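K.L.:
First the structure, which I've put down as structure tokens, then a few questions once you've had a look.
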Amino acid sequence: MNVIYIIVEAPSNAALLKHLLPNSQVYGVRLVTVNGKYAALSMAVSIRANRHASLVLVLDADSENEEAKRESERFYKELLNRGDSETEAMLVFPRPNLASILFKDRRLAERLFERRFDDATWFAAHNNPKAFLSELGGDVLARTIPNASPEIRNKLQDDPVINEVIFAMRHLAGTATANSIGSSDLESRFHREMLSLYSKAGEQTGYWPSGLLSSVRKHGGVNAAKRWLGLKAPTSGLRRLAELGRLDLSVEALVLKQPWSHLFTTEEKRMATVRLAEFGYRGTWDKEFWEAV
């Protein structure tokens, strides 16, 4: 059996993945913890060169700035894939960091840690989750996540970052589809954007499109969108977003944005345009597609 390594830069990140990755996904996986980004990167390069093993490298972006995140991500990818190797390595780069998934929802965090957060404490935890976890003690995640309710665990496991790690593992294990996250940088970024639609819709409207998340996890971002557009009628999710006045959070709207539109055929983009037009929604799409409506 081929071993897949997951390398993380901090013990708290290792604890998060250990307790949130589904048991069905971790067979044959080894979790390696080191301290710091460059130490993690060095370990990843060494494992690929000396053990000829595929791996997932999880590094915190440590920034909310999307442009800075992308620049850093390109930098680490280049270093990770430098040199010849018969194995594959994938980078997961959560923004601002992996620990932040615990502090996106105040009520969920209060239930998880069994404490009330006043405004000052919540501000500190939300803006610097790694420091907050450190203050609570090194074993806080081992004490909280395994004992959390199924509802809390499911919500944490549905986070786009956790799903990105799962998808990377499936891809490296040879079970991902041909148009998977690892096939190109543009497809990789689109995959993450598709995952973010789930969290954005839930956090901003209260509607959590679980069907979308399931499809992205199963087929990958690009294939999920193509399957979505291949349906004969608009999905219930699209209708729900129309009712909420948030069609900007739809798959159809995402497909028509640059640079993602390059991943889809003219017919697929026409279908997305027509569906949005049916609900009276017009974005800043290319003129040629509106003329086709």
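K.L.:
Scanning region 49-81 for residues that are in a loop (DSSP other than H, G, I, E, B) and modelled with pLDDT under 90, which turns out nearest to Phe167 (Cα to Cα)? Don't jump to the end; show me each part of the working.
P.N.:
Step one: list which residues in region 49-81 are in a loop (DSSP other than H, G, I, E, B), which gives 51-53, 59-65, 81.
Okay, now just the ones that are also modelled with pLDDT under 90, so 51-53, 63-65, 81.
Details: Arg51: 22, His52: 21, Ala53: 17, Ser63: 23, Glu64: 23, Asn65: 24, Asn81: 19 Å.
Step by step, filter region 49-81, then rank; the result is Ala53.
K.L.:
Of the residues Ser12, Ser85, Ser46, only one is crowded, with 19+ Cβ neighbours inside 10 Å, among the hydroxyl-bearing types (Ser, Thr, Tyr) and either outside any helix (DSSP H, G or I) or at pLDDT 85 or above (or both); which? Can you show your working first?
P.N.:
Working: Ser85 fails: crowded, with 19+ Cβ neighbours inside 10 Å; Ser46 fails: crowded, with 19+ Cβ neighbours inside 10 Å.
Among Ser12, Ser85, Ser46, only Ser12 is crowded, with 19+ Cβ neighbours inside 10 Å, among the hydroxyl-bearing types (Ser, Thr, Tyr) and either outside any helix (DSSP H, G or I) or at pLDDT 85 or above (or both).
K.L.:
Looking at the structure I just gave you, is Tyr198 surrounded by 14 or more Cβ atoms within 10 Å (Cβ to Cβ), under 30 Å from Arg107 (Cβ atoms), among the aromatic types (Phe, Trp, Tyr) and touching a Leu at 6+ places or on another chain (Cβ under 9 Å)? First the steps, then the outcome.
P.N.:
Numbers: surrounded by 14 or more Cβ atoms within 10 Å (Cβ to Cβ): yes; under 30 Å from Arg107 (Cβ atoms): yes; among the aromatic types (Phe, Trp, Tyr): yes; touching a Leu at 6+ places or on another chain (Cβ under 9 Å): yes.
Yes.
K.L.:
Given the options Ala168, Ala178, Ala173, name the one that is modelled with pLDDT under 85 and under 20 Å from Ala99 (Cβ atoms).
P.N.:
Numbers: Ala178 fails: under 20 Å from Ala99 (Cβ atoms); Ala173 fails: under 20 Å from Ala99 (Cβ atoms).
When all the criteria are applied, what remains is Ala168.
The rows are residues; the columns are (1) more than 16 Å from Ala168 (Cα to Cα); (2) aliphatic (A, V, I, L, M); (3) touching a Pro at 6+ places or on another chain (Cβ under 7 Å).
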residue	(1), (2), (3)
Asn50	yes, no, no
Val56	no, yes, no
Leu59	no, yes, no
Glu64	yes, no, yes
Glu71	yes, no, no
Phe75	yes, no, no
Thr87	no, no, no
Val92	no, yes, no
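K.L.:
Please find, among Ala253, Ala242, Ala224, the residue that is among the small types (Gly, Ala, Ser), outside any loop (DSSP other than H, G, I, E, B), at pLDDT 90 or above and under 16 Å from Glu187 (Cα atoms). If you could, list the steps in order and put the result at the bottom.
P.N.:
Values: Ala253 fails: under 16 Å from Glu187 (Cα atoms); Ala242 fails: under 16 Å from Glu187 (Cα atoms).
The conditions single out Ala224.
K.L.:
Kindly indicate the residue of region 88-105 that is assigned to a helix (DSSP H, G or I) and among the hydrophobic types (A, V, I, L, M, F, W, C) and also surrounded by the most Cβ atoms within 10 Å (Cβ to Cβ) among those meeting that condition. Spell out the reasoning first.
P.N.:
We begin by selecting, within region 88-105, every residue assigned to a helix (DSSP H, G or I); these are 98-103.
Then drop every residue that is not among the hydrophobic types (A, V, I, L, M, F, W, C), which leaves 98-99, 101-103.
Numbers: Leu98: 29, Ala99: 23, Ile101: 21, Leu102: 24, Phe103: 21.
The extreme case among them is Leu98.
K.L.:
Here's something else I'd like to know. Could you check region 192-245 and list, in sequence order, the residues that are of a type in the set (Asp, Glu) and touching a Gly at 6+ places or on another chain (Cβ under 8 Å)? Walk me through it before giving the result.
P.N.:
Restricting attention to region 192-245, the residues satisfying the condition of being of a type in the set (Asp, Glu) are 193, 203, 243.
Listed by number, the list holds a single entry, Glu193.
K.L.:
Kindly list, by first and then second residue, each pair from a residue in region 172-200 that is part of a loop (DSSP other than H, G, I, E, B) to a residue that is at pLDDT below 80, limited to pairs with Cβ atoms under 7 Å and residues at least 6 apart or on different chains.
P.N.:
Matching pairs, first to second residue: Ala176/Phe167; Ala176/Arg170; Ser180/His171; Ile181/Phe167; Ile181/His171; Gly182/His171.
K.L.:
I've got another one for you. Can you name the condition, by its number, that Thr121 falls short on among (1) farther than 23 Å from Tyr5 by Cβ; (2) surrounded by 15 or more Cβ atoms within 10 Å (Cβ to Cβ); (3) not aliphatic (A, V, I, L, M)?
P.N.:
(2)
K.L.:
If you don't mind, there's one more thing I want to ask. Quick one: Leu108 ticks every box in (1) touching a residue at least 60 places away in the same chain (Cβ under 8 Å); (2) within 16 Å of Gln157 (Cβ to Cβ); (3) not in a loop (DSSP other than H, G, I, E, B) bar one, so which box is it?
P.N.:
Among (1) touching a residue at least 60 places away in the same chain (Cβ under 8 Å); (2) within 16 Å of Gln157 (Cβ to Cβ); (3) not in a loop (DSSP other than H, G, I, E, B), the lone unmet condition for Leu108 is (1).
The values are calculated or read from the model by the stated rules, or taken from the named source; none is laboratory data. If you're wondering where the values come from, they're calculated on a predicted model, not measured in any experiment. Every residue, glycine as well, gets a Cβ built from its backbone with ideal geometry; the counts of neighbours run over all protein chains shown.
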